[in-house]
Amino acid sequence: ADYWDEVNAVEVQLASGTLESLPDSRILNGANGALIGDEIVQFATAELIGPSLYRLSRLLRGRLGTEHRIITHPIGSRFVLLSPGRQARPTFSVAGLGVPMEWTYAPVPQGPTGDQAGEVSFVNTGGGLKPWSPVHVTATRSPSGDLTISWVRRTRYGGWWLDNADVPLNEESERYDVDILDGPTVVRTLSVTTPVATYSAAQQTADFGAPQSSLAVKIYQLSAVVGRGWPASATL
């Protein structure tokens, strides 16, 4: 997610429209965004290799907080070109989260009563409300064995580069959970209101029998609406 992907490429079959190659400067300003599976990517090179078939390369992966969706996408994964001018975002109430609903779609000008209308079931899981995973997870150990864990939070919107200022919080309050792991098992959760947590030597002894030289953690920023965001995983 931190570099141009010069190794992988993806072939996409379009139902309509065309794709184009663009210079890096345009990509870095937000152009050529697409949803592949559940991962948001950007592509600089679009090579036409067949009728409405493109090979996309020179990619930016895991955009807009979707690093956890970076995978090898199977054949048949959805591809949606992200064009904000064409894709209006419906307004949902919090009460509608997790509730199945039926959407009617139809081509213009026939409308929903035409013979080409159809329905699709949709559940809004609130993924767009989840705080992005923290980054730059580090730890320092005191002479007594206490471990101080720190990280940098991110924000879901309004977070473009700001000089000498933190990005907006965009949550009701600043809260985090730090899960301490023993393999896949959570042995302790530290809840804090700043991007720093202390895991004391006494707590390590209670959880593991002795202070630990290596520790696996998952860190979540919390939302008042949907709870835990996407985790940052680290071995310290």
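Along its principal axes, what span do the Cα atoms of the stretch 12-90 show, with the longest given first and each in whole Å?
32, 30, 28
Return the sequence-ordered ³J(HN,Hα) values of the stretch 66-77 in whole Hz as given by the Karplus equation 6.51 cos²θ - 1.76 cosθ + 1.60 applied to θ = phi - 60°, using x for Gly and Pro.
The phi angles translate into 9, 4, 5, 9, 6, 9, 7, 6, x, 4, x, 4 Hz.
Can you compute 3J(HN,Hα) from phi for each residue in the stretch 172-183, using the Karplus curve 6.51 cos²θ - 1.76 cosθ + 1.60 with θ = phi - 60°, rounded to whole Hz and x for Gly and Pro?
4, 7, 8, 9, 9, 10, 10, 8, 8, 10, 10, x
Using alpha carbon coordinates only, what is the Rg to Rh ratio of the stretch 40-129, with Rh defined as the Kirkwood radius?
1.02
Pull up all non-local amide H partners of residue 156: gap of 5 or more, or a different chain, and H-to-H distance under 5 Å with H placed in the peptide plane.
Those lying under 5 Å, H to H, from residue 156 are 132.
Could you check how much of the accessible area of the stretch 175-219 is carbon and sulfur, as a whole percent, using a 1.4 Å probe? Write out the running numbers ahead of the final one.
On the way: 1100 of 2140 Å².
Carbon with sulfur: 52 percent of the solvent-accessible area.
GNM, the chain, Cα, under 10 Å: largest mean-square fluctuation among 168, 107, 143?
Maximum fluctuation in the GNM of the chain, among the listed residues, is at 107.
If you average the C-alpha positions of the stretch 10-81 and of the stretch 185-215 separately, how far apart do those two centres end up, in angstrom?
Spelled out, the Cα-based centre of one part sits 41 Å from the other.
Once you charge only the Cβ atoms, +1 for Lys and Arg and -1 for Asp and Glu, what is the size of the charge dipole of the stretch 170-236 about its Cα centre, to the nearest 20 debye?
Details: 4 positive and 7 negative charges, 20 e Å.
Dipole about the Cα centre, nearest 20: 100 debye.
Across the Cα atoms of the stretch 79-206, what radius of gyration and what greatest pairwise Cα-Cα distance (Dmax) are found, in Å?
In order Rg, Dmax, the Cα atoms of the stretch 79-206 give 22.4, 74 Å.
Can you give me the relative contact order of the chain as a percent, contacts being Cα pairs under 8 Å and 6 or more apart? Could you put the intermediate results ahead of the total?
Numbers: 434 pairs, mean separation 33.2, N = 236.
Answer for the chain is 14 percent.
Just the accessible area per residue of the stretch 96-151, please: how many Å² with a 1.4 Å probe? Write down the numbers at each step before the final one.
Working: 3510 Å² over 56 residues.
The answer is 63 Å² per residue.
Taking the Cα centre of the stretch 74-147 as origin and charging only Cβ (+1 Lys, Arg; -1 Asp, Glu), how large is the dipole, in debye to the nearest 20?
Numbers: 5 positive and 4 negative charges, 65 e Å.
Its charge dipole is roughly 320 debye.
Just checking my list [x] 71, 42, 38; [y] 44, 37, 35; [z] 60, 40, 36 against Cα extents along the principal axes in Å computed from this structure; which label fits?
Of the listed options [x] 71, 42, 38; [y] 44, 37, 35; [z] 60, 40, 36, [x] comes from this structure.
The values are calculated or read from the model by the stated rules, or taken from the named source; none is laboratory data. Remember, predicted model here, so these are calculated numbers, not experimental data. Quick reminder, even Gly has a Cβ in these numbers, built from the backbone with ideal geometry, and neighbours come from all protein chains shown. Please note that ligands, DNA and RNA were not included when accessible areas were found on the heavy atoms of the full protein model with its side chains. Shrake-Rupley method; radii C 1.70, N 1.55, O 1.52, S 1.80 Å.
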